[in-house]
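Participant: This is the structure, below, for whatever I ask next.
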Amino acid sequence: MSRNRAITIDLDDTLWDCHPVIREAESKLWEWLETNYPKISDNYTQEMAADLRKKVVKNYPKKSHDYKFLRRSVLKTIFLTSGYDQKFAEDAFDFFDMHRNNVTLFEGAIETLEMLSTNFRVIALTNGNADLVKIGINHLFFDVIYAADFGYAKPDIKIFNEAIRRSGVNKKDIYHVGDHPVNDIVGAQKAGLRTIWMNPTGISWPENSKEPDYTIEKITSLQDILMG
């Protein structure tokens with residue numbers, strides 16, 4: 001592993017497609033609730049739970065990036081108001097979390113991460129809550145920074161500066177890789193990092209924003225950029 005090069009990399013929608021994973025986890029959770037705690041499905045729909053989540057965000061704005069806190073808060077509310085002990089909400093959260101981490105990495109992502117981890121200090125930098133241990137790829141990362149744990153979310157420069165500090169590498173020798181034009185690319189640019197935009201769907205770069213150093217549609221293209 002090189003001691004003078006590092007990469008910070010987003011997780012959701014950069015290494016795997018997150019949206020279908022969350023939809024599937026939500027669907028399985030509500031099926032599980034209906035089977036095990038039927039009074040909840042009598043009182044709530046998924047849409048009503050989503051409205052509850054918005055209220056939690058409004059009441060706890062500083063926790064808006066802490067998805068575990070938001071989900072646990074909603075589950076505790078729907079359990080309590082449906083006549084169940086709140087302690088069972090943790091079982092529901094664990095069930096959801098199991099399926100939330102059942103991701104399918106993009107083709108070639110494992111091989112790319114293996115290459116990166118051999119040549120760079122690879123730091124995961126995420127606003128989400130994907131568990132690298134449960135997914136089985138934690139050994140490919142030098143470190144991971146969760147916005148919920150750190151207290152600041154991308155694009156805040158503080159979380160990028162923390163990644164720079166942990167890497168022990170000069171920021172001019174760090175690339176940030178991510179899919180979100182603002183949270184990932186603009187945030188990293190403000191922190192002085194070089195940037196690689198993961199754009200698998202081929203959308204246009206937002207007008208009036210500084211373009212990334214590189215744009216890729218496949219994660220395997222990192223090998224050409226960084227090892228070419």
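The values are calculated or read from the model by the stated rules, or taken from the named source; none is laboratory data. All values derive from a computational prediction rather than experimental measurement. Cβ sites come from the backbone with ideal geometry, for glycine too, and all protein chains shown count toward neighbours.
Participant: Can you work out which of the residues in the range 189-201 that are under 20 Å from Trp16 (Cβ atoms) and not in a strand (DSSP E or B) is farthest from the chain's Cα centre (by Cα)?
Facilitator: Thr201
Participant: Right, Ile78: farther than 30 Å from Glu31 by Cα, in contact (Cβ under 8 Å) with a residue 24 or more places away in the chain and not in a loop (DSSP other than H, G, I, E, B) or not? Lay out the reasoning, then the answer.
Facilitator: Working: farther than 30 Å from Glu31 by Cα: no; in contact (Cβ under 8 Å) with a residue 24 or more places away in the chain: yes; not in a loop (DSSP other than H, G, I, E, B): yes.
Answer is no for this residue.
Participant: Considering only residues that are polar (S, T, N, Q) and at pLDDT 95 or above, which ones fall in the range 1-27?
Facilitator: From the range 1-27, those polar (S, T, N, Q) are 2, 4, 8, 14, 27; that's our starting set.
Selection gives Thr8, Thr14, Ser27.
Participant: List every residue pair whose Cβ atoms sit under 9 Å apart, with the two residues 6 or more apart in sequence or on different chains, where the first one lies in the range 208-228 and is closer than 14 Å to Thr14 by Cβ and in the same structural domain as Gly192 (by TED's automatic domain parsing) and the second, anywhere, is among the charged types (D, E, K, R) and in a loop (DSSP other than H, G, I, E, B).
Facilitator: Pairs that qualify, where the first residue is closer than 14 Å to Thr14 by Cβ and in the same structural domain as Gly192 (by TED's automatic domain parsing) and the partner is among the charged types (D, E, K, R) and in a loop (DSSP other than H, G, I, E, B), are Lys218/Glu107; Ile219/Glu107; Thr220/Glu107.
Participant: Taking the range 17-57 as the search range and keeping residues that are in a helix (DSSP H, G or I) and of a type in the set (Ser, Thr, Tyr), which one is nearest to Glu217 (Cα to Cα)?
Facilitator: Ser27
Participant: Of the conditions (1) under 16 Å from Leu33 (Cα atoms); (2) under 18 Å from the mean Cα position of the chain (by Cα); (3) not β-branched (Val, Ile, Thr), Ala130 clears all except one; give me its number.
Facilitator: (1)
Participant: Among the numbered conditions (1) among the polar types (S, T, N, Q); (2) part of a strand (DSSP E or B); (3) farther than 30 Å from Lys63 by Cβ, tell me where Ser204 comes up short.
Facilitator: Unmet for Ser204, out of (1) among the polar types (S, T, N, Q); (2) part of a strand (DSSP E or B); (3) farther than 30 Å from Lys63 by Cβ: (2).
Participant: In addition: Inspect the range 147-167 for any residue being hydrophobic (A, V, I, L, M, F, W, C), in a strand (DSSP E or B) and surrounded by 23 or more Cβ atoms within 10 Å (Cβ to Cβ) and give the result as yes or no. Can you show your working first?
Facilitator: Taking the range 147-167 as the starting set, the residues that turn out to be hydrophobic (A, V, I, L, M, F, W, C) are 147-148, 150, 153, 157, 159-160, 163-164.
Filter once more, keeping what is in a strand (DSSP E or B): none.
Looking through the range 147-167, none of the residues is hydrophobic (A, V, I, L, M, F, W, C), in a strand (DSSP E or B) and surrounded by 23 or more Cβ atoms within 10 Å (Cβ to Cβ).
Participant: Additional query: Quick one: in the range 92-125, which of the residues that are assigned to a strand (DSSP E or B) and under 17 Å from the mean Cα position of the chain (by Cα) is surrounded by the fewest Cβ atoms within 10 Å (Cβ to Cβ)? Give the derivation first.
Facilitator: Quick first cut of the range 92-125, residues assigned to a strand (DSSP E or B) only: 105, 121-125.
With under 17 Å from the mean Cα position of the chain (by Cα) added as a condition, the list becomes 105, 122-125.
Numbers: Leu105: 17, Val122: 23, Ile123: 22, Ala124: 25, Leu125: 29.
Restricting to residues being assigned to a strand (DSSP E or B) and under 17 Å from the mean Cα position of the chain (by Cα), the top hit is Leu105.
Participant: Which pairs have Cβ atoms under 8 Å, sit 6 or more apart or on different chains, and link a residue in the range 31-52 that is over 14 Å from Lys76 (Cα atoms) and surrounded by 15 or more Cβ atoms within 10 Å (Cβ to Cβ) to one that is of a type in the set (Phe, Trp, Tyr) and modelled with pLDDT under 95?
Facilitator: Taking only residues 6 or more apart or on different chains, not a single pair turns up.
Participant: While we're here: Name the residues in the range 133-146 that are surrounded by fewer than 18 Cβ atoms within 10 Å (Cβ to Cβ) and in a helix (DSSP H, G or I), would you?
Facilitator: Val133, Lys134, Ile135, Asn138, His139
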